[in-house]
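Data first, discussion second: the structure below is written as structure tokens.
Just so it is clear, none of the values below were taken in a lab; they were calculated from the coordinates. This is a predicted model, so every value here is computed, not measured. FYI the Cβ positions are ideal-geometry reconstructions off the backbone, even for glycines, and counts take in every protein chain you see.
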Amino acid sequence: MSGHSTYEPKTGLERWLDSRLPIIRFAKDTAIDFPTPKNLNYWWTFGGILALMLGIQIVTGIVLAMHYVPHVDYAFNSVERIRRDVNYGWLIQFMHANGASMFFLAVYVHIFRNLYYGSYKAPREVLWILGCIIYLLMIITAFMGYVLPWGQMSFHGAVVITNLIGAIPVVGPSVTTWLWGGFAVDDPTLNRFFSLHYLMPFVIAGVVILHIWALHVPGNNNPKGVDVKSAEDTVPFHPYYTVKDGFAISVFLLMYAAFVFYMPDALGDAINYVKANPLVTPQHIVPEWYLLPFYAILRAVPNKLMGVIAMGLAIGTLFVLPWLDTSKVRSMRYRPTARLWLGIFFIACLILGWCGANPPDEPVIGHAPSGLIFLDADINSFVWLSRIASLYYFAYFWLITPLLGLFETPLPVPEGISEPVLSHPAAAPAGSVAAPEKRG
Amino acid sequence: MADTAVGATSDPHASGDDPSRRDFIHIAAAAAAGGAVVGLAWPLIDQMNPAGDTLALASIEFDLGKIEPGGHVTIKWRGKPLFIRNRTPAEITAAIKDDHADMRDPATDESRHKPGKAEWLVLVGTCTHLGCVPTFNGGEYGGWFCPCHGSVYDTSGRIRKGPAPKNLEVPTYAFLSDTKIKVG
């Protein structure tokens, strides 16, 4: 799909530039003329939404860094000053904080779209792995960003997460001290988190470029999951998908704006409006919503080291998914059984999020524990619910996905993208379908 | 979406090809996007202007009682030095005598202090040339001398010699009482 170019320099200047730096050719081939499957649905618009969110986070972040002070004595007050005194600081700070949530919301939709339509399968394994790297970098960036306002949850969240590293045998404690730059989360920690939080988005942007490059070699997957066979199966990216992406972005921005303007603190924790106090830990430490499932997996395991390993594995598993899936059928439109298991997986992720948001020993049903203690925890507690959901999380990837490909019976897969249109009784003669992009 | 109806002979959306209607959609979409970009650009630019707390500190009060005649203090106002001088009668006389001398930025001494408060001279202490801080009692006019490029100001803070184009600026200030002023 890539490799050919339809660009023809029209003016002398364009010809001159094209033989020196073919940047106009590159832009036209990748963003204007790029042949894109003609059947992409709205789930395919989240890539564009994510690119926009990264841009918004970088721009608002650069602005916030102009006013933020990375020092334990001033950090909290400087964020309050941004909200109260800096011109439009309230808008920019709320855009940045809620932007992180919107970024993760979009990335989760993007990932589940991949899982449903099998976009990670050959020949798009590298594209998928680059996406996993972006997601991991996003988690690290978001975690360090959440520490910067230096509220109670910022501080104690940083304490809890950095202490996880202490679980590593032998070197754990010295690595933790190295990370802190002291004997606890303190001023040096805050300074380096600020530095790295500023750096990481640019690293993400770099990997995004590789991600798009890796996308443009095999081209987009599509809802049918079948390969593009001919030019008839594609339309140029512009105007078809610039407009479709533009519409989806507008709708997404409306929802984002609703949070920024009407409920800017809905996704945050009120305790983070209390300045960090190393001597008092809040009653209940929770991460931001987008990391709750991993937090639940961590707490599901009664052993510190094993908990950390389980959490790492939950993310690490995603990297090897292309080789765990034995099914040759990409799209779950033609895999009704797999669709069911993926649906349960989605619910398991939501349950893990719910577990992560609740205190581990709290009863799930009713107000009293069952009295049945098994593996150090009551059966009727969020610990046990998260254990069951975690088990399903791992079973889905390591057991169900490999077995499904071997035992399920998929529905008949269409020959190509255009096939159902052409075989439709009401359809026009085959000749008239060519080059729909020439209309208007 | 895209995989239905494409290529059908009876296109129900054929009216979408009407050029004026299409132009309207293009112009409306571009105008909405342009408006959004401009609306967002302004907050991103305006955030670099002085913040609320910076503006709140833009005026200060100062008690003159501490300064003896012939005394001089330099305080910080809006991040810059502010000269407050309790002038001696000799300095005032010298300043008035020169009121009609040949000056680059002509001003009478009376215009440089509050009525009836000739002894109190309040000046922004940055040279009008390139912003250095002049020192008192330098140069041949008994006033200020700027060490950077040799501008000489008299006892009224008026430019008399050197490259500076303007007199030392008199800030907006007012007497709250006989011994207290508010600057800014």
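Some observations on this one:
- Candidate aspartates and glutamates - alpha carbon under 12 Å from B:K97, same-chain residues fewer than 8 apart omitted: B:D109, B:E110, B:D154
- Debye, to nearest 20: dipole size of the protein assembly as shown, +1 on Lys, Arg Cβ, -1 on Asp, Glu Cβ: 440
- Rounded if a/c under 1.5, otherwise prolate or oblate - chain A, Cα gyration tensor axes: oblate
- Length-normalised contact order for chain A - Cα pairs under 8 Å, 6+ apart - percent: 21
- Placing unit charges on the Cβ atoms of the charged side chains and taking the dipole of the protein assembly as shown about its Cα centre, the candidate lying farthest along the positive direction among A:A27, A:M95, A:G371 is A:A27.
- Take every Cα pair under 8 Å whose residues are at least 6 apart in sequence, average their separation, divide by the length of chain B, and the relative contact order is 17 percent.
- From least to most packed, judged by other beta carbons within 10 angstrom and beginning with the fewest, B:K180, A:K224, A:K275 follow the order B:K180, A:K275, A:K224.
- Inter-part distance where the range A:329-349 and the range B:119-179 are each reduced to a Cα centre, Å: 80
- Of the DSSP H helices in chain A, those whose Cα atoms cover at least 24 Å axially and whose Kyte score averages -1.0 or more: A:46-65, A:89-117, A:125-147, A:187-216, A:237-262, A:304-324, A:336-357
- The range A:309-354: trypsin sites (Lys or Arg not before Pro) falling in loop per DSSP and having at most 12 other Cβ within 10 Å: A:K328
- Projected label points at B:A32 and B:N137, each 7 Å from Cα along the beta carbon direction, are separated by 7.3 nanometres.
- Computed helical MRE - 222 nm, chain B, DSSP H runs ≥ 4 contributing -39500 (n - 2.57), nearest 500: -7500 deg cm²/dmol
- Above-threshold pairs, the threshold being 30 Å between Cα atoms, out of A:K275/B:K80; A:K38/A:K121; A:K38/A:K328; B:K80/B:K117: A:K275/B:K80
- Neighbour counts of other Cβ atoms within 10 Å put B:C148, B:C127, A:C349 in the fewest-to-most order B:C148, A:C349, B:C127.
- MRE, 222 nm, helices only [DSSP H, n ≥ 4, -39500 (n - 2.57), over chain A, to nearest 500]: -19000 deg cm²/dmol
- Remark on A:T36: its backbone amide H falls under 5 Å from those of A:V235, A:F237, a criterion applied only to residues 5 or more positions apart or on other chains, H modelled at 1.01 Å from N.
- Relative to the longest principal axis of the Cα atoms of chain B, the long axis of helix B:19-46 lies at roughly 30 degrees.
- Over the range A:286-412, Cα pairs under 8 Å with separation of 6+ residues give a relative contact order of 36 percent.
- Spacing of the modelled spin labels on A:R83 and A:T11, each 7 Å from Cα toward Cβ, amounts to 5.1 nm.
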